[in-house]
Amino acid sequence: MKERKMDEIKKTIKEIFYFIDPDVKVDFHLEDDSSFRVDVKMRNPQILIGEKGQTLIETERLIKAIVRKRGEHSSFVRLDINDYRKRKEDYLRELAKEAGDETALTGVEKRFPPMSSFERRIVHTALSEREDVMTESIGEGPERRVVIKKKFS
């Protein structure tokens with residue numbers, strides 16, 4: 001990504017968050033040539049996180065639209081507000097590990113509640129190296145969920 005365009009994108013994103021909270025702190029982290037992470041710290045994060053992170057997802061979509069409008073169609077943007085996403089990812093990994101251990105021990109499959117594709121991917125990835133359990137996604141649309149099953153050899 002060209003530095004000039006990235007500076008324009010940063011400025012626009014900072015202005016959006018500043019409008020919501022003048023004391024906001026916005027940090028940008030280039031992951032590689034085509035992706036970056038936006039970390040936001042603010043006093044009242046719930047405004048931009050919303051119920052089950054839905055507002056955060058929509059805010060990220062807005063940022064992606066801004067990036068595309070600036071001509072960076074192949075860029076991948078990841079938004080996190082007050083480490084909400086990071087904590088959620090850590091929680092899902094731990095939940096997946098515990099559910100995998102329980103399934104391996106009892107042989108009883110474990111069904112998670114419906115999750116977004118992002119959340120399901122975290123669970124699948126957390127258990128992908130295990131040889132005693134397997135994961136699959138079942139259901140359609142908003143009812144799609146992960147099921148953990150014991151592998152029998």
Long-range neighbours under 8 Å by Cβ, at least six apart or interchain, first residue under 16 Å from Pro45 (Cβ atoms) and without any contact (Cβ under 8 Å) to a residue 60 or more places away in the chain within the stretch 7-32, second part of a loop (DSSP other than H, G, I, E, B) and not hydrophobic (A, V, I, L, M, F, W, C):
Asp21/Arg43; Asp21/Asn44; Asp23/Arg43
Identify the residue in the stretch 8-39 that is in a strand (DSSP E or B) and of a type in the set (Asp, Glu) and, among all such residues, is surrounded by the most Cβ atoms within 10 Å (Cβ to Cβ).
Asp39
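What are the residues in the stretch 24-71 that are in contact with a His (Cβ under 9 Å, 6 or more places away or on another chain), aliphatic (A, V, I, L, M) and modelled with pLDDT under 90, if any?
Selection gives Val67 alone.
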Quick check, is Leu79 without any contact (Cβ under 8 Å) to a residue 60 or more places away in the chain, touching an Asp or Glu at 6+ places or on another chain (Cβ under 6 Å) and not charged (D, E, K, R)?
yes
Just the residues that are touching a residue at least 40 places away in the same chain (Cβ under 8 Å) and under 24 Å from the mean Cα position of the chain (by Cα), please, taken from the stretch 102-145.
Ser116
Filter the stretch 97-136 down to the residues that are surrounded by fewer than 16 Cβ atoms within 10 Å (Cβ to Cβ), outside any helix (DSSP H, G or I) and of a type outside the set (Asp, Glu) and list them by number.
Gly107, Val108, Arg111, Pro113, Pro114, Ser116, Ser128
So, first residue part of a helix (DSSP H, G or I) in the stretch 40-61, second residue small (Gly, Ala, Ser), Cβ within less than 7 Å, six or more apart or across chains; the pairs are Leu56/Gly50
Total residues in the stretch 141-153, condition modelled with pLDDT of 95 or more and either among the hydroxyl-bearing types (Ser, Thr, Tyr) or assigned to a loop (DSSP other than H, G, I, E, B) (or both)
1
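The values are calculated or read from the model by the stated rules, or taken from the named source; none is laboratory data. All figures in this text were calculated on a predicted structure; none of them were measured in a lab. Because the Cβ atoms are built from the backbone with ideal geometry, glycine has one as well, and the counts that use them run over all protein chains shown.
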